[in-house]
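Only one structure is covered here, and it is reproduced in the block below.
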Amino acid sequence: MGEREEFAFDVKTTGSKWLLPVSEYLGFPLDQVNFLACQLFALAAAFWFRLYLSPSHANPLVRHAVAALLGIVFLIFCFGWYSAHILTVVLASYLIIIKADINNVHRYSMVTAMGYLTACQVSRAFIYNYGVLSTDFSGPLMIVTQKITTLAFQLHDGMCKKSEQLTSEQKPLAVNVRPSLIEYLSYNLNFLSVFVGPCSDYKEYIDFIEGRHIGKRLRQHFGTCNGQNGYDKTPDPSPLNAVCRKLLVCSGCMLLFLTVTRSFPIAYNVDPHFVSQAPFLTRLAYAFFSIQAARPKFYFAWTLADAVNNAAGYGFSGLDKNGKPSWDLICNLNILGIETATSFKTFIDNWNIRTGIWLKTVCYDRAPKHRLALTFILSALWHGVYPGYYFTFITAIPITMAARAVRKSVRHYFLGFGGLKLSYDIFTWAATQLAICYTVMPFLLLAVEPTLVYYRSMYFHVHIISILAAIALHWKHKPSEPSAATKTFSSSSSSSSPPCSAQCQPVHSNNNDKVD
């Protein structure tokens, strides 16, 4: 026993057990304590990285090396030998980047990264019988998969396609040179985003490491690159206020998690006694509040990750309309936008934003047809192989189609009247939140049996309503065959009109048109 206590790693948990006394004292699982400790250490290291390893004090090679080394140390501390899975897929993908035919590098990288992720997810779901491992490394592996495929597609854009073949969003992000090994390791494994992301674009990250990240956006704001407006003499804006604000949000989310979340367990939605005895409205209300109560843990993790990146000086998006620095470039969620969403689209646009951008970048914008369905399927596959994930994303397809149709058919009738608009917004907020609750419940229940118990307790009402609405309003708005004269006029108008200028394009887009 005395010898066993000297080991830093336990066979069962694989991760470090140095904080086991803290875990036992607080009553939290060891993996959560390790994760939080690493993120807090990363926050402190990020400030040090910005102040003492800034581009003016250290060359890019040193910054890359330190960022990657710290990330690898964090992985080993939290996951022990399981971190080898993450390192393996990163190194294998780098070999593909370097050795494979550049015309197919994006395909090979997608198959390798998604294939390895899926194999790990299958082992988690079926070999371990739906158990969440005491050391669950799937989160970092999911983030690495996003980064690997994002870079592969952007490298293919930059080295295989002509500029006119790229969209206005793809052009500035296209990568023209294969990355070096240290750049690739730093991008994928840096300590700022190795656990929960967010996934950022390769060029943005390289700009950050090499010291162009903030200056480029300030010059864009001032509209000049020659420094005549005094920009070159202005110090970089400090992220301290943004970091403090986000840490305050984290504190509130942690408080809600400790008090509210534990009072509304998700599993109670399928409790046999509750399902059989509680009236429908009671079951509906509990489902609503239990889903609301499940969100703070996601808010906490993503907001803390955003604060860590900001503390290092990464995530500067420019100056807002009041001339104040904004640090939301790689923000992963908009809590206010989520909680006040009045449409399914708005909710999706504000939830897990960077994953939505990734899905749009590697799938939605490139799929020749069935783009919406393929995007939802890729999203489900990326999340894992639990049946509940597929129930969630397949259910989202008719709801998204119905939401489009209803918004197109009804919304314009309420826009001109203040009172009616308010009533419409309140109704659509309630409908959106209940639809989200119904859609994501299987995501948290995971298995088939509890999912079907829940759906039966809800009488499949959202499925039925959304499918009927989508079908009815689709036929209502189905365009008739245009006449020959109309076709001729349309063709003439199109040929005489200039293409939309770059100013017509959105400056930044996530997955908006995925569900619009």
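The values are calculated or read from the model by the stated rules, or taken from the named source; none is laboratory data. Since the model is a prediction, treat every value here as computed from it, not as a measurement. Cβ sites come from the backbone with ideal geometry, for glycine too, and all protein chains shown count toward neighbours. Surface areas here come from the heavy atoms of the whole protein model, side chains and all, with no ligands, DNA or RNA. Shrake-Rupley method; radii C 1.70, N 1.55, O 1.52, S 1.80 Å.
For the pair His57 and Lys161, label points projected 7 Å from Cα toward Cβ lie 4.0 nm apart. If you take all other residues with their beta carbon under 12 Å from the beta carbon of Pro172, and give Lys and Arg +1 and Asp and Glu -1, the sum is -2. Normalised per residue, the accessible area of the chain is 50 Å², obtained with a 1.4 Å probe and no contribution from ligands, DNA or RNA. Entry note, region 145-225: relative contact order of 30 percent, from Cα contacts under 8 Å with a spacing of 6+ residues. For the chain, the relative contact order works out to 15 percent when only alpha carbon pairs closer than 8 Å and six or more residues apart are counted. For Ser16, the amide hydrogen comes within under 5 Å of the amide hydrogens of Cys78, Phe79, Gly80, counting only partners 5 or more places away or on other chains and with H modelled in the peptide plane. Each Lys or Arg adds one and each Asp or Glu takes one away; over the other residues whose Cβ falls under 13 Å from the Cβ of Val105, this sums to +2. Of the residues Gly388, Val122, Val243, the one whose Cα sits farthest toward the positive end of the charge dipole of the chain, with +1 on the Cβ of Lys and Arg and -1 on the Cβ of Asp and Glu, is Gly388.
When the chain is described by a simple charge dipole with +1 on each Lys and Arg Cβ and -1 on each Asp and Glu Cβ, the residue from Ala58, Phe344, Cys331 located farthest towards its positive end is Phe344. Here the simple spin-label model places points 7 Å from the Cα toward Cβ, and for Val73 and Lys408 these points are separated by 5.5 nm.
From the coordinates of this entry, mean projected area of the Cα convex hull in nm² is computed, and it appears in (1) 43.3; (2) 29.8; (3) 25.2 under the label (2). The charge dipole of region 301-380, taken about its Cα centre with unit charges on the Cβ atoms of Lys, Arg (+1), Asp and Glu (-1) only, comes to about 340 debye.
Using the Cβ-Cβ distance between Ala278 and Asn334 with R0 set to 30 Å, the FRET efficiency works out to roughly 0.35.
The helix-only estimate of mean residue ellipticity at 222 nm for the chain, built from DSSP H runs of length n ≥ 4 each weighted as -39500 (n - 2.57), is -20500 deg cm²/dmol after division by the residue total. Amide H contacts for Trp327 (H built 1.01 Å from N in the peptide plane; partners 5 or more residues away or on another chain; cut-off under 5 Å): Ser317. Charges were assigned to the Cβ only: +1 to each Lys and Arg, -1 to each Asp and Glu. The resulting dipole of the chain about its Cα centre is roughly 1320 debye.
Any of Lys203/Lys321; Lys345/Lys421; Lys171/Lys203; Lys324/Lys360; Lys297/Lys321; Lys216/Lys345 with alpha carbons more than 21 Å apart? Name them for me. Cα-Cα > 21 Å for Lys203/Lys321; Lys324/Lys360; Lys297/Lys321; Lys216/Lys345; rest within. Legend: helices of the chain (whole DSSP H runs) are marked when their alpha-carbon atoms reach 30 angstrom or more along the helix axis and their mean Kyte-Doolittle hydropathy is at least 0.5; marked are 30-52, 138-160, 387-410, 418-445. Summing +1 for each Lys or Arg and -1 for each Asp or Glu among the other residues whose beta-carbon sits under 15 angstrom from that of Arg124 gives -2.
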